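J.: Okay, here's the structure, questions in a sec.
The values are calculated or read from the model by the stated rules, or taken from the named source; none is laboratory data. Nothing here was measured: the structure is a model prediction, and the numbers come from that model. For neighbour counting, all protein chains shown are included, and Cβ atoms are generated from backbone atoms with ideal geometry for every residue, glycine included. The protein model used for the area step is the full one, side chains on, heavy atoms only, and it has no ligands, DNA or RNA in it. Shrake-Rupley method; radii C 1.70, N 1.55, O 1.52, S 1.80 Å.
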Amino acid sequence: MEDRGKSLALIGAGALLGSVTATVALLKLFPSRGSTLDEATKLNGKAAPAPEGNTCVKDDTYEMDPADLLKDEIVSEQLTRNIQFFGFDAQQKVTTSYVVVIGLGGVGSHAASMLLRSGVGRLLLVDFDQVSLSSLNRHAVATRIDVGTPKALCLKKHFSLIYPECQIDAKVMLYDTSSEEEILSGDPDFVLDCIDNIDTKVALLAACVRRGLKVLSATGAGARADPTRIRVADLRESTNDPLSRSVRQRLRRDHGIEGGIPVVFSLEKPKAKLLPFKGPNGDEENPSDYQVVPGFRVRIIPVLGTIPAIFGQIMASYVVTKLADFQVQMEPIVNFDMDHYRVLHQRLIEHEELIYGTSTQVQVDVEEVMYVAKELWHGRSARDQTAKEVGRGMWRSVNELMFVRWDISKPASASNLILLKFTEADEHESTTLEDIKQNEPEFFTRVTSTLKRAELDFGL
């Protein structure tokens, strides 16, 4: 305990001096706490056995109850920026959580890395594959020394140097129906699907839905270059992505799942296709003849390493904020253009003139109408916020939508406009807020909470 106190004081001194090298030098004065498997085996005078087949490795050299992690001075200092951002109690929720990451390539390795750095107290890392030389352009931590090492064990080794207090299980195995129970048992707080095989991805997502587990899925990150087009939305809204489309069709056909699964995807159309497969003699051959695992891709898709990394970072951010109960409003997928917003604005003006005899109480312009329609109501009726109309269907839906005042006694401002279908608007204006509050309390609460956002955003 005395050494730990000295260590923390010296780390703080190094930070105050503003010298990274000074802090590192001071840290070297104190022994590492269970840094790696290699160090542990050196201390015991034994060599670690090489993993064979389906392997689960759990490092017991240093283990702490996740509920006690933030009581540790070193851990709390390492996570101090997160604690300042979320607050202590919210960070404690993150630190006591258990997250499963399946698929540890370009997307999964970055997602797992930031979950670790964000203080998640327990991680299960699953992948059957090994680090390859060509994967180093997108992997979060792997080096040339790690080539040929199982990805799960590679991450575990590096992670133990970053946050040794985290309880990390590494399973070198393929996810399928036979391994479902081993991988998904234990009541994880979140599952990250970073698999790029359709059959396996569909099976995993269906299992998570069946088990009632929270899951976030990554779609195709290859052959893309524009990071500004990456979004998080319901699977039903990922209309531009070929992998999403295939997964969506299979889930609906084989499992009766229409949506309700959040996915990270890109609105950008792929810039390249799978490259033709060439055998040892250089001639094009049937890639299925070379599959080690049936159903897994052998042909290569070009990948700009930054994009899967950003996918993984977004996944980690999404999960960590959910674990902390920190409210983040993801940008909605609304396929309206400025002409649609002009139509909604003009429709509001005409309605105000018809009902109230004047439009002087309209306190929004076209850009504010765009904010209200897109950010608050996601381009859909406030009475039905499910993603039924997507793509061009959303364009057509604007033909039956209009803005009306939520509270008729207040002006038509950004914090008092509700988007409804024509028939719903007529019904709304024939009733009172008190009736809605009494007869539809959930709807009343949801609308008032949504409009409160506009008050905060506009400083009203």
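J.: Could you pull out every residue, at least 5 positions away or on a different chain, whose amide H is within less than 5 Å of the one on VAL404? Hs are placed 1.01 Å off N in the peptide plane, and Pro or chain starts have none.
T.: ILE418, LEU420
J.: Right, another one. Looking at ALA90, LEU69, HIS110, which one has the Cα that reaches farthest to the positive end of the dipole of region 63-142 (charges on Cβ: Lys, Arg +1; Asp, Glu -1)?
T.: Toward the positive end, the furthest listed residue is HIS110.
J.: FRET efficiency for GLU440 and VAL209, Cβ-Cβ distance as r, R0 = 25 Å, nearest 0.05?
T.: E between GLU440 and VAL209, to the nearest 0.05, is 0.30.
J.: On full extension of the chain, what length is gained from PHE85 through ASP426, given 0.36 nm per residue of separation minus the C-alpha to C-alpha distance? Don't skip to the answer; put the middle values down first.
T.: On the way: separation 341, 0.36 × 341 = 122.76 nm, distance 4.45 nm.
Between PHE85 and ASP426, full extension yields an extra 118.3 nm.
J.: Another question about this same structure. Going by amide H atoms built from the backbone, whose H comes under 5 Å of the H on ILE195, apart from near neighbours?
T.: For ILE195, whose amide H was placed from the backbone, the distant partners under 5 Å are ALA218.
J.: Accessible area per residue for region 338-458 in Å², computed with a 1.4 Å probe and the full protein assembly in place, what is it? Mind dumping the intermediate values first?
T.: Numbers: 6470 Å² over 121 residues.
Counting only protein heavy atoms, the per-residue value for region 338-458 is 53 Å².
J.: Using only Cα atoms, locate the centre of region 326-380 and the centre of region 132-189, then give the distance between them in Å, rounded to an integer.
T.: Measuring centre to centre over Cα atoms gives 47 Å.
J.: Oh, and also: Let me make sure I get this right: for region 338-458, a, b and c are the square roots of the gyration tensor eigenvalues over alpha carbons, sorted descending. Under 1.5 in a/c it's rounded, otherwise prolate if a/b > b/c, else oblate. Which is it? List each step's numbers first, then the result.
T.: Values: a/c = 1.34, a/b = 1.08, b/c = 1.24.
Since a/c stays below 1.5, the shape of region 338-458 is classed as rounded.
J.: Given charges of +1 on the Cβ of Lys and Arg and -1 on the Cβ of Asp and Glu, with all other atoms neutral, how large is the dipole of region 338-458 about its Cα centre, in debye to the nearest 20?
T.: Numbers: 15 positive and 22 negative charges, 85 e Å.
For this selection, approximately 400 debye.
J.: Assuming R0 = 56 Å, what is the FRET efficiency of THR358 and ASP199, from their Cβ-Cβ distance, to the nearest 0.05? Let's see the in-between values first.
T.: Numbers: r = 61 Å, r/R0 = 1.10.
Between THR358 and ASP199 the formula returns 0.35.
J.: Set Lys and Arg Cβ to +1 and Asp and Glu Cβ to -1, take the dipole of region 338-458 about its Cα centre, and tell me which of LEU348, THR360, LEU376 lies farthest positive.
T.: LEU376
J.: Need one number: nm distance between label points at SER449 and ASP226, each 7 Å from Cα along Cα→Cβ, rounded to one decimal.
T.: Each label point is offset 7 Å from its Cα along the Cβ direction, giving 3.4 nm.
J.: At a 1.4 Å probe radius, carbon and sulfur cover how many percent of the accessible area of region 338-458?
T.: Working: 3160 of 6470 Å².
For region 338-458, the apolar C and S fraction of the accessible surface comes to 49 percent.
J.: Can you sort PHE159, PHE444 by 1.4 Å-probe accessible area, starting with the largest? Could the numbers behind the result be given before it?
T.: Numbers: PHE159 0, PHE444 40 Å².
Sorted by accessible area, descending: PHE444, PHE159.
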